[in-house]
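Visitor: Below are the structure tokens for one structure; questions will follow.
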Protein chains: 2
Amino acid sequence: MNAYDAIRSFSKTLENLDKWMEKAGETAKARGFEVDVLAQARLAPNQFAFVQQVQSACDQAKYAAAYLGGKTAPSHPDNEKTFAELRDRIRKCTGFLATVLEKDFKGADERKVAPPWLGGRWLTGHDYLVHVAIPNFFFHATMAYAILRHNGVELGKMDYIGGLPTREREA
Amino acid sequence: MNAYDAIRSFSKTLENLDKWMEKAGETAKARGFEVDVLAQARLAPNQFAFVQQVQSACDQAKYAAAYLGGKTAPSHPDNEKTFAELRDRIRKCTGFLATVLEKDFKGADERKVAPPWLGGRWLTGHDYLVHVAIPNFFFHATMAYAILRHNGVELGKMDYIGGLPTREREA
């Protein structure tokens, strides 16, 4: 799995997340509540709410694509309040991810990645992908899923995983 | 990130998980409850409890190492009830992961992976890693973390991520 494959898998999971949010909307309708109240739902009082989990999943994917693909990350201000706005944020993010092409990731493993929060230190592109981008991306995507599940949205593991490129058994 | 790197990152995260469980023990002691009650904690009534999240994280790592490294997965029966037993399960799992060497993963991308739950269909080793092993492993590790957080164990993102191989800024 190279950086390009990782970014493609982030994109797939963000599209899955969009579908979980659609299901949340159906749950809200069936149970007679406003789906946007879930934007502020959280699992612990000092943990990110759903809205921040979605923003963080998007940003982990966006910055990984930018750092490893040698691109400038577009600015996506964290000002969403509703599910419709968050789903638009997801589309903006996957739209950017699609602009970073396989060839842009050439040499990604050796790139020097120095995000501000490392305070002047840096990671190789390879280490950034393995130790930061992949674990963090799936952390925030799973937390978003967990918050919906905790609030009664009926999601299952295949909603999380999405489609699989399985192959037929040979004759 | 090749299969070997992925397995090493699973191993690191399982060691982090062991530390979250140690912190949970400290929280339980400080607040005067029995830590093992958290083994049955869950975020939704029809979702896996903590014990199953830990078993599943271990199994995702174990089967990925076995399938992609051409080894037979050791049997680890799901009979744990206590935190001590679960931490022992984690040690058994990381012990097995350590036996699968970098050279064993040669050609992992092209291996044919046909777990029973695919019902006779199969995935390439590459697709299994990208679409199944990585998302699923971090799903269950994050769910275990989320259940502890939800129950008041004070964990932060750096507990999740663990140590980073950062490098010094050049002079």
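Visitor: Just to confirm a number: summing +1 for Lys and Arg and -1 for Asp and Glu over residues other than B:Ala66 whose beta-carbon lies under 14 angstrom from that of B:Ala66, what do you get?
Guide: On the way: positive: B:Lys62, B:Lys71, B:Lys92, B:Arg111, B:Lys112; negative: B:Asp59, B:Asp104.
That sum, taken over residues with Cβ under 14 Å, equals +3.
Visitor: Apply the a/c threshold of 1.5 to the C-alpha gyration tensor of chain B and tell me whether it is rounded, prolate or oblate.
Guide: Numbers: a/c = 2.09, a/b = 1.39, b/c = 1.51.
Oblate shape, in that a/c is at least 1.5 and b/c is the bigger or equal ratio.
Visitor: OK, next. Around B:Ser56, what is the net charge, scoring Lys/Arg as +1 and Asp/Glu as -1 over all other residues with Cβ under 10 Å from its Cβ?
Guide: Working: positive: A:Lys157; negative: B:Asp59, B:Asp78.
Taking every Cβ under 10 Å from that of B:Ser56, the sum is -1.
Visitor: As an exercise, identify the chymotrypsin sites (Phe, Trp or Tyr not before Pro) in region A:1-110 lying in DSSP coil whose Cβ has no more than 16 other Cβ atoms within 10 Å.
Guide: Hits after loop and neighbour filter: A:Phe33.
Visitor: What longest region of chain A stays clear of GluC sites (Glu not before Pro) that DSSP places outside H, G, I, E and B and that have at most 10 other Cβ atoms within 10 Å? Please list the in-between numbers first.
Guide: Values: sites that count: A:Glu168, A:Glu170.
Result, exposed sites excluded: A:1-167.
Visitor: Tell me, in nm to one decimal, what length is gained between A:Asp88 and A:Lys19 on full extension, where the rule is 0.36 nm per residue of separation less the Cα-Cα distance? Can you show the working numbers first?
Guide: Values: separation 69, 0.36 × 69 = 24.84 nm, distance 1.26 nm.
Length gained, A:Asp88 through A:Lys19: 23.6 nm.
Visitor: On the full set of protein chains, 1.4 Å probe, figure out the accessible area of A:Thr166 and give it in Å² to the nearest 10.
Guide: Using a 1.4 Å probe on the heavy atoms, I get roughly 40 Å².
Visitor: What's the extension gain from B:Leu118 to B:Thr72 if we count 0.36 nm per residue and subtract their Cα-Cα distance?
Guide: On the way: separation 46, 0.36 × 46 = 16.56 nm, distance 1.82 nm.
Between B:Leu118 and B:Thr72, full extension yields 14.7 nm more.
Visitor: So, in Å, what gap is there between the alpha-carbon centers of region A:1-62 and region B:119-133?
Guide: Taking the Cα centre of region B:119-133 as reference, the centre of region A:1-62 is 25 Å away.
Visitor: Per residue, how large is the accessible surface of chain B? Use a 1.4 angstrom probe and give square angstrom.
Guide: I get 44 Å² per residue for chain B.
Visitor: Could you pull the Cα extents of region B:1-93 along its three principal axes, largest to smallest, in whole Å?
Guide: The Cα atoms of region B:1-93 stretch 46, 24, 22 Å along the principal axes, largest first.
Visitor: A further question on this structure: If you fit an axis through the alpha-carbon atoms of helix A:134-150 and take the longest principal axis of the Cα set of chain A, what angle between them do you get, 0 to 90°, nearest 10?
Guide: So the helix axis and the longest Cα principal axis differ by about 0 degrees.
Visitor: Can you give me the % of accessible surface on chain B that is carbon or sulfur? Probe 1.4 Å, all protein chains present, nothing else counted. Let's see the in-between values first.
Guide: Working: 3840 of 7450 Å².
Exposed carbon and sulfur together represent 52 percent of the surface.
Visitor: For chain B, what's the relative contact order in percent, using C-alpha pairs closer than 8 Å and at least 6 residues apart? Provide the component values of the computation, followed by the final result.
Guide: Details: 184 pairs, mean separation 57.1, N = 171.
RCO, chain B: 33 percent.
Visitor: Return the Rg/Rh value of the protein assembly as shown, two decimal places, where both radii are evaluated on C-alpha atoms and Rh is the Kirkwood radius. The partial results should precede the final answer.
Guide: Details: Rg = 19.7 Å, Rh = 20.7 Å.
Rg/Rh for the protein assembly as shown comes to 0.95.
Visitor: For A:Asn79, what is the net charge nearby, where nearby means another residue's Cβ is under 13 Å from its Cβ and Lys, Arg count +1, Asp, Glu -1? Provide the component values of the computation, followed by the final result.
Guide: On the way: positive: A:Lys81, A:Arg89, A:Lys92; negative: A:Asp78, A:Glu80, A:Glu85, A:Asp88.
Summing Lys and Arg as +1 and Asp and Glu as -1 gives -1.
The values are calculated or read from the model by the stated rules, or taken from the named source; none is laboratory data. Quick caveat, the model's predicted, so the values are computed rather than measured. Glycine gets a Cβ as well: all are built from the backbone with ideal geometry, and neighbour counts include every protein chain shown. For accessibility, only protein heavy atoms count, side chains too; no ligands or nucleic acids. Shrake-Rupley method; radii C 1.70, N 1.55, O 1.52, S 1.80 Å.
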